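The values are calculated or read from the model by the stated rules, or taken from the named source; none is laboratory data. Predicted model, so just to flag it, every value in this text is computed and none were measured. Cβ placement follows ideal geometry from the backbone for every residue including glycine, while neighbour counts extend to all protein chains displayed.
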Amino acid sequence: MRKNLLIGLLVFSLAALLVVGGTMAWFTDSQTADNKFTAGTVAIEIDEHDFQDITNWNPGDTTNKDVSIKSTGSKGTYVRVKLTPVWGALDGDDFIEADPALPTTNVTLNISDSTKWIYSDGWYYYSEIMSQDEETDLLLDSVTIAGLGTDNSYQGKTLKVDVEAEAVQASHEAYKDAFGITSLPDGVEAWSESTPE
């Protein structure tokens, strides 16, 4: 019995200490910080400058066809473009490649005289890092179909010029993975720490 009384007093004392300890005041402080990291964007648009499809095209004709690229993302960006002419036919709005394929040796893609486009391994690289809302110089200026070399097998056919544009962030040598190249072509502006993102 005496043992139970002793245990009861100890439990009561401990409870009293907890109540007193819980009401004691201490100088305290607590803070939290929210750290937000918003990724930049790489985005481009192909500007064909209101080009209208040409019908009744003749061998020997040169037709205006302006193409440039606009950067619409927030990041400093490398841009490259591939131009591929293909002969085929239209089935409504669908383009069907000629079978057998017609040679495109009778087609000349007249590249603008801008010195800012550098040709390497099938691609045209813009020599400057593009900033948001910046547009390249014209790449393609016009298209010519030769008189010689354009025989009757081309009658009624349609020439399609595929414009394939790619962009990658200019920082951290991302072009190596994205473009699959080990270095930028000579003349293309290299990224440096002083270059604005």
Open item on the list: Let me spell it out: the conditions are (1) at pLDDT 95 or above; (2) within 30 Å of Ile181 (Cα to Cα); (3) not in a strand (DSSP E or B), and Ser114 meets all of them except one. Which number is the exception?
Closed with: (1)
Task: Selected residue (only one of Thr41, Thr28, Thr84 is at pLDDT below 90 and of a type in the set (Ser, Thr, Tyr)) - done: Thr28
- [ ] Check segment 139-151 and report whether any residue there is over 17 Å from the mean Cα position of the chain (by Cα) and at positive phi.
- [x] yes
Task: Leu6, sole failed condition from (1) in contact with a helix residue (DSSP H, G or I) (Cβ under 9 Å, 6 or more places away or on another chain); (2) at pLDDT below 90 - done: (1)
Open item on the list: Going residue by residue through segment 115-137, is there one that turns out to be under 23 Å from the mean Cα position of the chain (by Cα) and under 19 Å from Thr62 (Cα atoms)?
Closed with: no
Open item on the list: So the check is Cβ under 8 Å with 6+ separation or different chains; which pairs have a first residue in segment 118-143 that's touching a residue at least 12 places away in the same chain (Cβ under 8 Å) and exposed (fewer than 15 other Cβ atoms within 10 Å of the Cβ) and a second one that's in a strand (DSSP E or B) and among the acidic types (Asp, Glu)?
Closed with: Glu135/Asp47
TODO: Evaluate the following for Thr150: is it touching a residue at least 40 places away in the same chain (Cβ under 8 Å), out of contact with any Pro (no Cβ under 8 Å at 6 or more places or on another chain), β-branched (Val, Ile, Thr) and closer than 30 Å to Glu97 by Cα?
DONE: no
- [ ] Find the residue count for segment 64-88, including only residues that are over 23 Å from the mean Cα position of the chain (by Cα) and surrounded by fewer than 15 Cβ atoms within 10 Å (Cβ to Cβ).
- [x] 1
TODO: Could you grab me the full set of residues in segment 62-97 that are of a type outside the set (Ser, Thr, Tyr), in contact (Cβ under 8 Å) with a residue 24 or more places away in the chain and more than 14 Å from Val161 (Cβ to Cβ)?
DONE: Ile69, Lys70, Gly73, Lys75, Gly76, Val79, Arg80, Ala89, Leu90
Task: Failed item in (1) under 16 Å from Asp47 (Cα atoms); (2) in a strand (DSSP E or B), with Asp137 passing the rest - done: (2)
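So in segment 98-117, with the set limited to residues that are of a type in the set (D, E, K, R) and either under 15 Å from Leu139 (Cα atoms) or in contact (Cβ under 8 Å) with a residue 60 or more places away in the chain (or both), which one is surrounded by the fewest Cβ atoms within 10 Å (Cβ to Cβ)? Please lay out each step first, then the result.
From segment 98-117, those of a type in the set (D, E, K, R) are 99, 113, 116; that's our starting set.
When the remaining residues are screened for being either under 15 Å from Leu139 (Cα atoms) or in contact (Cβ under 8 Å) with a residue 60 or more places away in the chain (or both), the result is 113, 116.
On the way: Asp113: 9, Lys116: 17.
Across segment 98-117, the extreme among qualifying residues is Asp113.
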Open item on the list: Looking at segment 38-58, can you tell me whether even one residue there is of a type in the set (D, E, K, R), within 16 Å of Val161 (Cα to Cα), surrounded by 15 or more Cβ atoms within 10 Å (Cβ to Cβ) and in contact with a strand residue (DSSP E or B) (Cβ under 9 Å, 6 or more places away or on another chain)?
Closed with: yes
Open item on the list: touching a strand residue (DSSP E or B) at 6+ places or on another chain (Cβ under 6 Å), polar (S, T, N, Q), within 23 Å of Glu45 (Cα to Cα) and part of a strand (DSSP E or B): which single residue out of Thr84, Thr144 fits that description?
Closed with: Thr84
